[in-house]
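Encoded as structure tokens, the structure appears first; notes follow it.
The values are calculated or read from the model by the stated rules, or taken from the named source; none is laboratory data. What you see is a predicted model; the values in this text were computed from it and never measured. Note that we place each Cβ from the backbone using ideal geometry, even for glycine, and neighbour counts take in every protein chain shown.
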Amino acid sequence: MAFIPHMSADVSAMLRTIGVASIDELFDEIPPELAAAELHDVPEPLNEMQIGRLMRERARTDGAPLVFVGAGAYEHHIPAAVWALAARGEFYTSYTPYQAEASQGTLQVIYEFQTMIASLTGLEVANASLYDGASALAEAALMAVRANRRSTSKRLLVPTTVHPHYRGVLETIAAPQGLTFDPLPYAANGGIDAAALARGETADCAAIVLQQPNFFGALEDVDAITDWAHAKGMLVIAVVNPVSLALLKPPGAWGTEGADIVVGEGQPLGVPLASGGPYFGFMATRRSYVRSMPGRIVGRTLDRVGRVGYTLTLQAREQHIRRAKATSNICTNQGLLVTAATIHLSLLGAEGLARTAAACHARTRALIERLCRLPGVGRRFAGPYFHEVVLSFDRPVAPLLERLARAGIVGGYDLSRHYPELGHALLVCATETKTEADLERYQQALAQALQDAPSARRQP
Amino acid sequence: MTEIPEDLQYTEAHEWLRRRADGLVEIGVTDHAQSALGDLVFVELPAVGRALRAGEACAVVESVKSASDVYAPLSGEVVEANAALEKTPETINQDPYRAGWMIRVRPSPQGETSPTLSAAQYRRLLDEQRR
Amino acid sequence: MSPTEPTVFEIGAPGRGATDQWPEATPAEALDDLPAALLRGSRAALPEVGELDAVRHFTRLSQRNFCIDTQFYPLGSCTMKYNPKACHQYAMLPEFLARHPLAPDSSGQGVLACLYELQEILKAATGLAAVSLAPMAGAQGEFAGVSMIRAYHTSRGDHARDELIVSEAAHGTNPATASMCGYTVRELPVAEDGDADLEALRAAVGPRTAGIMLTNPSTLGVFERQIGEIERIVHAAGGLLYYDGANLNAILGRVRPGDMGFDVMHMNLHKTFATPHGGGGPGAGAVAVNARLEPFLPVPLVGRDGSAYRLLDERERPQSIGRLSAFAGNVGVLLRAYVYVRMLGRTGLRAVGEHATLNANYLLARLRAIGYEPAYPERRASHEFLITLRREARELEVTAMDVAKRLLDYGFHAPTTYFPLLVPECLLIEPTETESKATLDAFAEAMARILEEARREPQQLRSAPHSLPVQRLDDVRAAKQLDLTWQAPAAAPAPPSG
């Protein structure tokens, strides 16, 4: 029971060695009034066959809809080898690699991962990962305030084109340390309002957050904004989709000097959607900021007989040494997900990743061409995009999504809650996993939903 | 045996002070401190021109397994920082009282000073801590 | 085993790739709407390997790891118990993996039912009123818990409380978390017998006290017997009690943090609830609170209307401390914990705490008989215990680290070393309930042989390990000559330009 291997003879022998009569006696230092009653609210045990049946039933309940939503998590093909390897017990059940000699596998994987992230983002160094993209942004904000020597400000410019959930996490995690966030509006093209920047109303700020592609899927004018921010003494925190970097200019090459800190959601690199996690956040920066960077970092070194080996390094930044003065309270990276991503990127290589990115763009382009043929449907913003687009409708989106869901389609992300000013707006996404037949099915289902759902005219 | 030059002043936080003829005060960490920290891998120094208040953390010395703040033993302005340490932090291990100096401070006229110890007092402190 | 494995960048060949995994090429005209100024100029420097190259490389790397599936991990405070295979298999069902986090609740009733029931079971197991599964790791659970303490005081207009009391034996995350939440840390000393110094606590509390963070059993491997008095002192001063769930495995099913008077706690599901460590993550750090902190729980929560489950966010939870992740936390980890806790059931939960304690006390008795010195010889071990090698360090010049490294040669992962900091030359040993008597005996025998070696040939220990792919690594070189990314030897190390 409970994965405990003891037979009663073992227990008796062990109690004899300890010199007590019963297991109860081992708890004799605990005040008796604290003894818990039986846990009636916890169900009786299930054996493996029973729990297997329950879980399969529940999984069946969830079904397998066709997904056209992105908004921070993206469906991609994951090569079979990725999880066949990552789920090996040697990766899956190992501990944080504090004992370097007994963890060379995990450590070398992380070193390879850091190399891949640095190369994709165009920066010099990367860490071993953070919890997810949103919490990585919060850590980047705190880091920017520490690292910016030209400004003592704790204010950051955060455009409203940054993922609303990321902005929420930023507030939760970074506000308790006194950081404040000034919103920047977006313009008619769906990108940051250049006129608002030009007005120069921004007081002294430590950094600007720049998401590319932004939450609307639109491509920001990253070169101009990066140069503008640097001229104002701010650091530039880039938030990027790693798949898009196969196609788009890496943050290290934005503007004249490049972005200073790059973070993003690693999920598109071999991690299943799984209702939101576990994912991993990645972070890269300039070499000169490495000591301000939170999280684990692996370095390559030599052992006492001169063999190459890998070890956690720069640990003096971390909580187990610096305690109250650490760069963050973070202990773990997302080791298993990083292992999957490293294998994923190895299998894809630059060419495979570029093909994936190109296919995503092409599929999304084909999807919106189809959907915009439907009455009352159009693009909300005209500018360039990667693999997500905001569509506008002549009637509320929620009833349409409900109808699509009944047809087995997750049709997109309803923007009315976070962006009511956009009217009836839907964020849609298609990745390389979608076939022409899938697009056709979505188009027909939406056409049907539009016929059935009340229009704005009929519901003034 | 740990070295404790007679002509310097010390703090309980294992820093030393040298009062120079030009009125500046040179500050570093003691031989005992460097040996307790082990091989230093990084030193972070305050910017020249920074105004220090007595007792505030003004520098960091870091070894592989530990990091320690260096506290300003007196109020004043940082006039010079030993930038060479940023490339060769091991200088503090090798020569803590000379080449391993960290900052030179011009004391502010009315500024307070943390209590300092003589060499003999500091030696006594180390003896007590050993017991 | 080969002494070195080249990096993945050094195997394969230019132009090679796992082409069967790639999507088909897209015609260039499909990209003609993208402005050239926003495009990447040169390819990223990623590996160029075939599938079999990659499979062999990563399989060989895996073989350079210790792991629970192959080794005993007596890592104190880490609860490295067996990770049941069923938990993995049933969390990896294709429908669970394919579900998008923003898909409607109606297409997630299966997964949401599991999460809702997990919340309920954790409430019962901790004796607290409400649970949020949102935190993605223990440290994030701590952050959420302390943020709730802060939100509670703020909601009452009590702005003077800016100090958190943290034991000097606490895990480093406790003070780091307190700082992240804007608090000043006051360290609480530990008395000779391993319990908290109550006089110091009485002196420390006051109108500035926001709360205290405690682990019980403590990181010294003993149960804090004065917990009742601590609770009275802190609550009387207006502070709240935070329970660090790192050591929950010790008391699972026997004592509940809520019954001890704690207001808020986090659980490390990757410790107590058997989810895998994955080489350093993912974890999950569910938080539980009593009724007065319930409004502040991080979102999302899983709620139930009749028979339908749904995620509750800021709209339903206006006083929440907010979001901690982009979506709903580490759902895949939560599903594993759910499978585990359903298999345990109410009887299994209790058996865990009891047998974890039995194993620790047995191993302590064995090691003591061999000649190792317990740090707290008068105390009962909890689910873990501390031994100190100060005598060996003094007399034989052999350190705790040397013993730990030598254990690797004997095929055991090292215990936690040099933590807590206040016990010199210590090893913190936690066997967990899933290890058999035979494994504990084998470990004790290895420890006996190591003690013998320490006396006869200490050099064997000082230069250990000898049988692993590498010997002790030069940490100073690693920190001073930072080599964090692989560079092609001939090529210039310039980052790719746009």
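Mind listing just one residue for me: the one in the stretch A:137-151 that is in contact (Cβ under 8 Å) with a residue 40 or more places away in the chain and surrounded by fewer than 24 Cβ atoms within 10 Å (Cβ to Cβ) and, of those, farthest from B:Leu45 (Cα to Cα)?
Start the filter on the stretch A:137-151 by keeping residues that are in contact (Cβ under 8 Å) with a residue 40 or more places away in the chain, which leaves A:137, A:139-148, A:150-151.
Add one more test, that the residue is surrounded by fewer than 24 Cβ atoms within 10 Å (Cβ to Cβ), and what stays is A:142, A:145-148, A:150-151.
Numbers: A:Leu142: 21, A:Val145: 18, A:Arg146: 15, A:Ala147: 14, A:Asn148: 15, A:Arg150: 16, A:Ser151: 18 Å.
My answer is A:Leu142.
So which of A:Ala36, A:Ala73, A:Ala80 is buried (at least 19 other Cβ atoms within 10 Å of the Cβ) and under 23 Å from C:Ala91 (Cα atoms)? Walk me through it before giving the result.
Numbers: A:Ala36 fails: under 23 Å from C:Ala91 (Cα atoms); A:Ala80 fails: buried (at least 19 other Cβ atoms within 10 Å of the Cβ).
Among A:Ala36, A:Ala73, A:Ala80, only A:Ala73 is buried (at least 19 other Cβ atoms within 10 Å of the Cβ) and under 23 Å from C:Ala91 (Cα atoms).
Keeping to the stretch C:287-315, report how many residues are in a loop (DSSP other than H, G, I, E, B), closer than 20 Å to C:Tyr152 by Cβ and more than 13 Å from chain A (Cβ to nearest Cβ). It would help to see each step written out before you state the result.
Applying the first criterion (in a loop (DSSP other than H, G, I, E, B)) to the stretch C:287-315 yields C:290, C:297-298, C:300, C:306-307, C:313-315.
From what is left, the residues that are closer than 20 Å to C:Tyr152 by Cβ are C:290, C:297-298, C:314.
Checking the rest, the ones that are also more than 13 Å from chain A (Cβ to nearest Cβ) come to C:290.
So the answer is 1.
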**Prompt:** Among the residues of the stretch B:106-129, is any at pLDDT 90 or above, within 24 Å of A:Lys325 (Cα to Cα) and touching an Asp or Glu at 6+ places or on another chain (Cβ under 8 Å)?
**Reply:** no
Here the residues within the stretch A:264-293 that are away from chain C (no Cβ under 11 Å), in a loop (DSSP other than H, G, I, E, B) and either free of Cβ contacts under 8 Å to residues at least 24 places away in the same chain or closer than 17 Å to C:Gly283 by Cα (or both) are A:Gly266
Note to self: I'd like to check something: does the stretch C:235-248 contain any residue that is surrounded by 24 or more Cβ atoms within 10 Å (Cβ to Cβ), facing another protein chain (nearest Cβ under 8 Å) and modelled with pLDDT of 95 or more?
What the structure shows: no
C:His159 passes all but one of the listed conditions (1) of a type outside the set (Gly, Ala, Ser); (2) closer than 16 Å to A:Gly178 by Cα; (3) at pLDDT below 95; the exception is number (3)
Exactly one of A:Leu302, A:Leu314 is away from chain B (no Cβ under 12 Å), of a type in the set (A, V, I, L, M) and either crowded, with 22+ Cβ neighbours inside 10 Å or in contact with a Gly (Cβ under 8 Å, 6 or more places away or on another chain) (or both), and that one is A:Leu302
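Step by step: first the residues of the stretch C:99-116, then only those that are under 27 Å from the mean Cα position of the chain (by Cα) and either in a helix (DSSP H, G or I) or free of Cβ contacts under 8 Å to residues at least 24 places away in the same chain (or both), then the one that is surrounded by the fewest Cβ atoms within 10 Å (Cβ to Cβ). Which residue is that?
The initial filter retains those residues of the stretch C:99-116 that are under 27 Å from the mean Cα position of the chain (by Cα), namely C:99-101, C:111-116.
Subsequent filtering for residues that are either in a helix (DSSP H, G or I) or free of Cβ contacts under 8 Å to residues at least 24 places away in the same chain (or both) retains C:99-100, C:111-116.
Details: C:Arg99: 26, C:His100: 26, C:Val111: 31, C:Leu112: 25, C:Ala113: 21, C:Cys114: 26, C:Leu115: 24, C:Tyr116: 19.
Here the answer is C:Tyr116.
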Note on the stretch A:215-263: residues away from chain C (no Cβ under 11 Å) and closer than 22 Å to A:Gly352 by Cβ are A:Val240, A:Asn241, A:Val243, A:Val262
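What are the residues in the stretch A:150-171 that are charged (D, E, K, R) and more than 21 Å from C:Pro318 (Cβ to Cβ), if any? Lay out the reasoning, then the answer.
Initially, the stretch A:150-171 is screened for residues charged (D, E, K, R), giving A:150, A:154-155, A:167, A:171.
Selection gives A:Arg150, A:Lys154, A:Arg155.
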Restricting attention to the stretch B:89-131, the residues that are more than 13 Å from the chain's Cα centre (by Cα), assigned to a loop (DSSP other than H, G, I, E, B) and loosely packed, with under 14 Cβ neighbours inside 10 Å number exactly 6
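Of the residues that sit in the stretch C:78-98 and are assigned to a loop (DSSP other than H, G, I, E, B) and at the interface with chain A (Cβ under 7 Å from one of its Cβ atoms), which one is nearest to A:Arg58 (Cα to Cα)?
First, the residues of the stretch C:78-98 that are assigned to a loop (DSSP other than H, G, I, E, B): C:78-84, C:92-93.
Narrowing the set further to residues that are at the interface with chain A (Cβ under 7 Å from one of its Cβ atoms) leaves C:78, C:80, C:82-84, C:93.
Details: C:Cys78: 32, C:Met80: 29, C:Tyr82: 25, C:Asn83: 22, C:Pro84: 20, C:Leu93: 10 Å.
Top of the filtered list is C:Leu93.
Kindly indicate whether C:Arg202 is touching a helix residue (DSSP H, G or I) at 6+ places or on another chain (Cβ under 8 Å) and not in a loop (DSSP other than H, G, I, E, B). Break it down into steps so the answer makes sense when it comes.
Numbers: touching a helix residue (DSSP H, G or I) at 6+ places or on another chain (Cβ under 8 Å): yes; not in a loop (DSSP other than H, G, I, E, B): yes.
Judged against the criteria, C:Arg202 is a match.
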The residue from A:Met55, A:Met116 that alone is facing chain C (nearest Cβ under 7 Å), more than 30 Å from C:Met260 (Cα to Cα), touching a residue at least 24 places away in the same chain (Cβ under 8 Å) and of a type outside the set (Asp, Glu) is A:Met116
Considering the stretch C:410-449, residues that are under 22 Å from A:Leu15 (Cα atoms) and facing another protein chain (nearest Cβ under 9 Å), and then whichever is surrounded by the fewest Cβ atoms within 10 Å (Cβ to Cβ), we arrive at C:Ala438
C:Val49: passes all of (1) at the interface with another protein chain (Cβ under 7 Å from one of its Cβ atoms); (2) surrounded by fewer than 20 Cβ atoms within 10 Å (Cβ to Cβ); (3) of a type in the set (A, V, I, L, M) but (2)
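Table: residues versus (1) of a type in the set (Gly, Ala, Ser); (2) within 24 Å of C:Ala25 (Cα to Cα).
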residue: A:Pro384; (1), (2): no, yes
residue: A:Val397; (1), (2): no, no
residue: A:Val410; (1), (2): no, no
residue: A:Leu426; (1), (2): no, no
residue: A:Ala430; (1), (2): yes, yes
residue: A:Tyr442; (1), (2): no, yes
residue: A:Leu446; (1), (2): no, no
Going through the stretch B:74-88 in order, the residues found to be among the polar types (S, T, N, Q), within 14 Å of chain C (Cβ to nearest Cβ) and either touching a Phe, Trp or Tyr at 6+ places or on another chain (Cβ under 7 Å) or crowded, with 18+ Cβ neighbours inside 10 Å (or both) are none
Legend entry - C:Val131 being more than 10 Å from chain A (Cβ to nearest Cβ) and under 19 Å from the mean Cα position of the chain (by Cα): yes
Among the residues of the stretch A:370-389, are any modelled with pLDDT under 95 and closer than 27 Å to A:Gln267 by Cα? yes
By residue number, the members of the stretch C:147-182 that are more than 9 Å from every other protein chain (Cβ to nearest Cβ), within 21 Å of C:Gly261 (Cβ to Cβ) and not polar (S, T, N, Q) are C:Met148, C:Ile149, C:Ala151, C:Tyr152, C:His153, C:Arg156, C:Asp158, C:Arg161, C:Glu163, C:Leu164, C:Ile165, C:Ala169
Considering every residue within the stretch C:70-77, establish whether at least one is at the interface with another protein chain (Cβ under 7 Å from one of its Cβ atoms), buried (at least 17 other Cβ atoms within 10 Å of the Cβ) and in contact (Cβ under 8 Å) with a residue 24 or more places away in the chain. yes
Taking A:Leu415 as the residue in question, decide whether it is within 30 Å of C:Pro6 (Cβ to Cβ) and crowded, with 22+ Cβ neighbours inside 10 Å. no
